[in-house]
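Notes follow the structure.
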Amino acid sequence: MKKYNVAVVGASGAVGEELFRILEEQNFPVGNLLPLASARSAGEMIVFKNQEYKIEELTETVFENRGIDIAFFSAGGSISEKYAKYAVESGAVVIDNTSHFRMIDSVPLVVPEVNPKDIELWEDSGIIANPNCSTIQMVHALKPLHDLYGIKRVDVSTYQATSGAGKKGMEELVQQMQDFFAFKLDETEVKAFPHRIALNVIPQIDKPLENGYTKEEMKMVNETAKIMHTDFAVSATCVRVPVLRSHSESITITFGSDVVVDVQKAREVLANFENVKVIDDLENSQYPMPTTATDTDFTYVGRVRRDNFAPNILHLWVVADQVRVGAATNAVRIAQKWIKLEN
Ligand code: A2P
């Protein structure tokens, strides 16, 4: 089987580390591996398939003559902005985890279960963008329901884990909890989020925009339209919660006024959708939670119910591991489809 030389930019970060795990678990046909990060972690070792690899510093010339086929970027938007072009120039396809290229027309934005064909456009720019974590798990649930009934409007509130802010986000939650138990919460450091996250919820993720929404909320709106090739209305409220690494979403979906939602049918199409699992038995307190999803590659759906007042409205609860489904796993799934396309 043909092997592919793989670079990982952000190799020491939360998503980068998970990428190595997933590439190994999936037995991805990795030839040479090139882990890259900043000068801070250059020289550190990572282990892949029982072999040690040294992290190298990301520079403008590091891709030259390395024969990289696939470069995963997970080191922040400004790094992708500056360095992705060097990977592309060297002949690699860049699979970018940041928001930097997502809304550029010539760059496909891909959730492989939803719009795999868009990968074919990769040659226009050499880049395939990985959507925002909250968008990925939401469209996993929306796509089969849109195919079933035709969506008119989506209202979503998210409960997003600290992993969305990378390792420093998770570490800040842990540190603040330690400070709480040491009776030092008043003096705890607040850096990764606009407020203390321990024992709190914060209704702001990313920068405020003029329309009263945040940048994260508008990512969910704009990316959903681009991935699903739809123009139905989406309104999002994105909230940070003191959870380590799986995002939850409460989603209200409005279909056309003549639709009478069949909840059993909705559960069925969701359960049959690729990489989605339905756990929905309220009587026995069975529904997905962050503890259900963490360390798995599935998007879980539960609490599926028809609105009490309008038969064309469906409510549901969606949970997925932000680091895996919302980032690294989606990127690897894109790479797997890209390989199929190339052969
Ligand atoms: P480093 O560890 O050298 O700072 P996370 O999302 O978990 O915070 O991880 C961010 C990742 O992006 C890390 O691997 C980090 O490497 C990497 N990174 C940050 N700044 C740069 C940079 N200027 N050049 C290359 N990699 C960077």
Practice task
Looking only at the stretch 50-89, count how many residues are of a type in the set (Lys, Arg) and within 12 Å of the ligand (Cβ to nearest atom).
Solution key: 1
Handout entry: Selection count where residues are over 17 Å from the mean Cα position of the chain (by Cα), under 17 Å from His140 (Cα atoms) and assigned to a strand (DSSP E or B), scope the stretch 278-308
Key = 4
Practice task
Give just the number: which of (1) closer than 24 Å to Met289 by Cβ; (2) acidic (Asp, Glu); (3) surrounded by 21 or more Cβ atoms within 10 Å (Cβ to Cβ) does Asp96 not satisfy?
Solution key: (1)
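Rundown of residues vs (1) farther than 30 Å from Val114 by Cα; (2) of a type in the set (Phe, Trp, Tyr); (3) surrounded by 21 or more Cβ atoms within 10 Å (Cβ to Cβ), yes/no style:
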residue: Gly164; (1), (2), (3): no, no, yes
residue: Lys167; (1), (2), (3): no, no, no
residue: Glu172; (1), (2), (3): yes, no, yes
residue: Leu199; (1), (2), (3): yes, no, no
residue: Lys207; (1), (2), (3): no, no, no
residue: Asn222; (1), (2), (3): no, no, no
residue: Ser257; (1), (2), (3): no, no, no
Exercise for the section: Among residues belonging to the stretch 26-49 that are within 13 Å of the ligand (Cβ to nearest atom), in a loop (DSSP other than H, G, I, E, B) and hydrophobic (A, V, I, L, M, F, W, C), point out the one that is surrounded by the most Cβ atoms within 10 Å (Cβ to Cβ). Expected result: Ala42
Exercise for the section: State yes or no: is Val278 of a type in the set (Val, Ile, Thr), more than 18 Å from Cys133 (Cα to Cα) and buried (at least 20 other Cβ atoms within 10 Å of the Cβ)? Expected result: yes
Practice task
Please specify each residue of the stretch 201-250 satisfying the condition of being touching a residue at least 12 places away in the same chain (Cβ under 8 Å), aliphatic (A, V, I, L, M) and farther than 21 Å from His146 by Cα.
Solution key: Val201, Ile202, Ile205, Val239, Val241, Val243, Leu244
Exercise for the section: Return only the number of the condition from (1) surrounded by 15 or more Cβ atoms within 10 Å (Cβ to Cβ); (2) over 27 Å from Met170 (Cα atoms) that Met289 does not satisfy. Expected result: (2)
Exercise for the section: Report, ordered by the first and then the second residue, all pairs with beta carbons closer than 7 Å, sequence separation of six or more or different chains, a first member in the stretch 1-18 that is under 18 Å from Arg324 (Cβ atoms) and assigned to a strand (DSSP E or B), and a second member that is within 9 Å of the ligand (Cβ to nearest atom) and of a type in the set (A, V, I, L, M, F, W, C). Expected result: Val8/Leu36
Exercise for the section: Would you tally the residues in the stretch 165-187 being more than 16 Å from the ligand (Cβ to nearest atom) and part of a helix (DSSP H, G or I)? Expected result: 9
Practice task
Only one of these is assigned to a helix (DSSP H, G or I) and either in contact with a helix residue (DSSP H, G or I) (Cβ under 6 Å, 6 or more places away or on another chain) or polar (S, T, N, Q) (or both): Leu244, Leu270. Name it.
Solution key: Leu270
Problem - Pair list, Cβ under 6 Å, 6 or more apart: the stretch 42-58 residue closer than 15 Å to Phe20 by Cα, other residue of a type outside the set (A, V, I, L, M) and within 10 Å of the ligand (Cβ to nearest atom) - result: Ile46/Pro35; Tyr53/Pro35; Ile55/Pro35; Ile55/Ser41; Ile55/Glu44
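Bear in mind that the values in this text are calculations on the coordinates, not laboratory data. Bear in mind the structure is a predicted one, so any value in this text is a computation, not a measurement. Glycine gets a Cβ as well: all are built from the backbone with ideal geometry, and neighbour counts include every protein chain shown.
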